[in-house]
1. Which numbered condition trips up Asn324, out of (1) within 23 Å of Pro145 (Cα to Cα); (2) in contact (Cβ under 8 Å) with a residue 24 or more places away in the chain?
2. Give the range 157-178 a look and list any residue that's outside any loop (DSSP other than H, G, I, E, B) and modelled with pLDDT of 95 or more, or say none.
3. Identify, from the list Tyr260, Tyr335, Tyr312, the residue that is within 21 Å of Leu21 (Cα to Cα) and in contact with a strand residue (DSSP E or B) (Cβ under 8 Å, 6 or more places away or on another chain).
4. Which condition from (1) more than 18 Å from Ile22 (Cβ to Cβ); (2) touching a residue at least 24 places away in the same chain (Cβ under 8 Å) is the one that Ile161 breaks?
5. Within the range 185-233, take every residue that is closer than 23 Å to Asn303 by Cα and among the basic types (Lys, Arg) and give me the one that is surrounded by the fewest Cβ atoms within 10 Å (Cβ to Cβ).
6. Looking at the range 295-342, which of the residues that are of a type in the set (Phe, Trp, Tyr) and not in a loop (DSSP other than H, G, I, E, B) is farthest from Gly262 (Cα to Cα)?
7. Could you tell me which of the residues Glu257, Glu235, Glu202 is over 17 Å from the mean Cα position of the chain (by Cα), among the acidic types (Asp, Glu) and in the same structural domain as Ile293 (by TED's automatic domain parsing)?
Amino acid sequence: MKKIGIFCVGTGGHVLPAKNLITQLNDEGIDLDKFIIITDERGSQYLKNLDIKIYILDIYRSKIGLFGYVLNIYRVMKTLLEIRTIIKKEEIKISLSTGSYIAPIASLLSFIFRIKYYGQEQNIYAGLGNKVTSFLPGVIFTSYPETKNIKKKKTIYVGPIINKDIVKINKTNNAEFLTIGVQGGSQGSEQINSYLYKFLNENNTIKVNFLHITGKDKLDNNLNFKNYSQFDFIENMSEYYEKINLQISRSGGGALEAAYLGIPQVLIPFKHGTTSSHQHLNAQYLDNLGAAIVVNSYNEFKNILLNVINDYEGIKREMFNNVNIQIGNNEITRYLKEAFNE
């Protein structure tokens, strides 16, 4: 029986797009027993409600780039052999990776077993995994046009993958209070959280609602701010987006989701490690489109937030544009269905 192998590891930014594609393919007629997911412990937490066979492996993740993989080649080889066994056992004929540190393993084994390989890159500056993968056969779908740090001839720009249940809504501010959503990606952001707490301590009398996704294990039950709600994770993001008029967030691949919905954003790019390159470029792309404003310090954050709160409609007209963000769900599922039905 032909099966599709889904390789997704790490944060929600890599796992949730895979989950969204599986759900859409299932709705379009491919049974869930035709999918096999290979992930790690971090990634598995986002797949708990999915009735699919899931293999959870101890997959090495380097924090020092390619050099780390060289130093830990024995762990990489162990993962290669484990996934090789799974591919043969499950008769996987098509593979999809949503990037990160599992992508080179998925693409290499797909090449060895002559499996059709598809990858997905969420950022405008491709990560090491997809950069390496682009030297092997297959197709890599990109969320941003003109994606950098990757072989151009291997990429197809399709736009981001979003949750199919999220629909565009009219974001006029008819409520008594403006509602601002705050999130730092699936893992949360200590920097954004600290900016918000400092702002609320200084401006707690301002009539504005804050809906704050803190990130896993980052809830603070000692906070006592007015018109403030916090959650470590929200499963149904449609409800979150429906409530907010502005979003404060990092600038990972998920920033395109709010842009697609027409929600203005204040972006605070992550500045450290390998993530900094793509976060800065993602943010600058959305800033240039007029879909977001990039801030680089607490003072900038405070000033733009006060301006937005004092005159939301005016700031929205002056500083934000209505943009058209192309989404990639239908194009990617079309490729996968064609390969599955061959």
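1. Just one mismatch for Asn324, condition (2).
2. Applying the first criterion (outside any loop (DSSP other than H, G, I, E, B)) to the range 157-178 yields 157, 178.
Residue satisfying the conditions is Tyr157 alone.
3. Details: Tyr260 fails: in contact with a strand residue (DSSP E or B) (Cβ under 8 Å, 6 or more places away or on another chain); Tyr312 fails: within 21 Å of Leu21 (Cα to Cα).
Within the list Tyr260, Tyr335, Tyr312, the selection yields Tyr335.
4. (1)
5. Checked the range 185-233; the qualifying residue surrounded by the fewest Cβ atoms within 10 Å (Cβ to Cβ) is Lys207.
6. Here is the first cut: in the range 295-342, the residues of a type in the set (Phe, Trp, Tyr) are 298, 301, 312, 320, 335, 340.
Checking which are not in a loop (DSSP other than H, G, I, E, B) leaves us with 298, 301, 312, 335, 340.
Values: Tyr298: 25, Phe301: 21, Tyr312: 14, Tyr335: 28, Phe340: 34 Å.
Only one residue fits best here, namely Phe340.
7. Details: Glu257 fails: over 17 Å from the mean Cα position of the chain (by Cα); Glu235 fails: over 17 Å from the mean Cα position of the chain (by Cα).
Of the residues listed, the single one that is over 17 Å from the mean Cα position of the chain (by Cα), among the acidic types (Asp, Glu) and in the same structural domain as Ile293 (by TED's automatic domain parsing) is Glu202.
Quick grid of which residues meet (1) surrounded by fewer than 15 Cβ atoms within 10 Å (Cβ to Cβ); (2) outside the structural domain of His278 (by TED's automatic domain parsing); (3) without any contact (Cβ under 8 Å) to a residue 40 or more places away in the chain; (4) of a type in the set (S, T, N, Q):
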position	(1), (2), (3), (4)
Ile30	no, yes, no, no
Lys34	no, yes, no, no
Ile54	no, yes, yes, no
Tyr60	no, yes, no, no
Leu71	yes, yes, yes, no
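The values are calculated or read from the model by the stated rules, or taken from the named source; none is laboratory data. All of these numbers come straight from a predicted model, not from anything done at the bench. Every residue, glycine among them, receives a Cβ derived from its backbone with ideal geometry; neighbour counts consider all protein chains shown.
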